[in-house]
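All remarks here apply to the structure that follows.
The values are calculated or read from the model by the stated rules, or taken from the named source; none is laboratory data. None of these values were measured; they are calculated from a predicted model. Here the Cβ positions follow ideal geometry from the backbone for every residue, glycine too, while neighbour counts run over all protein chains shown. Heavy atoms of the whole protein, side chains included, go into the accessibility calculation; ligands, DNA and RNA do not. Shrake-Rupley method; radii C 1.70, N 1.55, O 1.52, S 1.80 Å.
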Amino acid sequence: MRRRLAFALLALSVAAAACDRPPAADGLREWTAADHDRNDAKEKSGAQAAGQRGPQPAPRGSGGGGGDNNGAAVLIEATWKAQCLRCHGPIGHGDGPEGPMYKPADLTNADWQDKVQDADIAATIKNGKNKMPKFELPDSVVQGLVARIRASRGR
Ligand code: HEC
């Protein structure tokens, strides 16, 4: 009896947390072991989803148009850090941990920036160049990286 009450409270709180249906007591009256399993699984996934939603600012669907731009900026930074920083360094000076090995040019250099076209930068990222490996990234990410490099001009 105690257990059943505890379970009822649990199921109610799960239903409330999930917010997808009213806390109907139907299932509880005819409770069986199978129901327990099903609700247990539901409770787990509910808890997980709540955990994911809770502390972090969700990158996707974080509210309207501004959220999309924000998400893209986060994605570009993450891509730079994961794929480019090891050679090009945090800004693009070529001072990443593997900079000494590959000696990439300083991407912030104004003279280089003046003579290179956005399309050339994008092509280098997609096709590689000498020791620079090629990166198969979505166009939007490549464009974002080009913009990031442009923004580092003279820094
Ligand atoms: C393994 C080291 C390495 C990584 C990782 C790397 N690069 Fe490079 N990158 C180089 C080297 C070396 C060059 C110089 C190529 C040359 O001109 O011979 C270069 C050159 C460039 C250039 C200048 C091309 C030009 O027109 O002179 C751009 C732009 C560039 N990289 C962007 C990126 C971006 C964006 C990323 C991440 C997606 C990245 N690189 C990752 C090594 C790397």
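Since M132 meets every condition but one in (1) touching a residue at least 40 places away in the same chain (Cβ under 8 Å); (2) open to solvent by 90 Å² or more (accessible area, probe 1.4 Å); (3) near the ligand (Cβ under 7 Å from one of its atoms), which condition does it not meet?
Of (1) touching a residue at least 40 places away in the same chain (Cβ under 8 Å); (2) open to solvent by 90 Å² or more (accessible area, probe 1.4 Å); (3) near the ligand (Cβ under 7 Å from one of its atoms), only one is false for M132: (2).
Could you list, ordered by first residue, the pairs with Cβ atoms under 6 Å in which the first is in region 97-109 and of a type outside the set (V, I, T) and the second is surrounded by fewer than 17 Cβ atoms within 10 Å (Cβ to Cβ) and part of a loop (DSSP other than H, G, I, E, B), at least 6 apart or interchain?
Matching pairs, first to second residue: Y102/K131.
Filter region 76-100 for residues that are near the ligand (Cβ under 8 Å from one of its atoms) and farther than 18 Å from F135 by Cβ and give the result.
none
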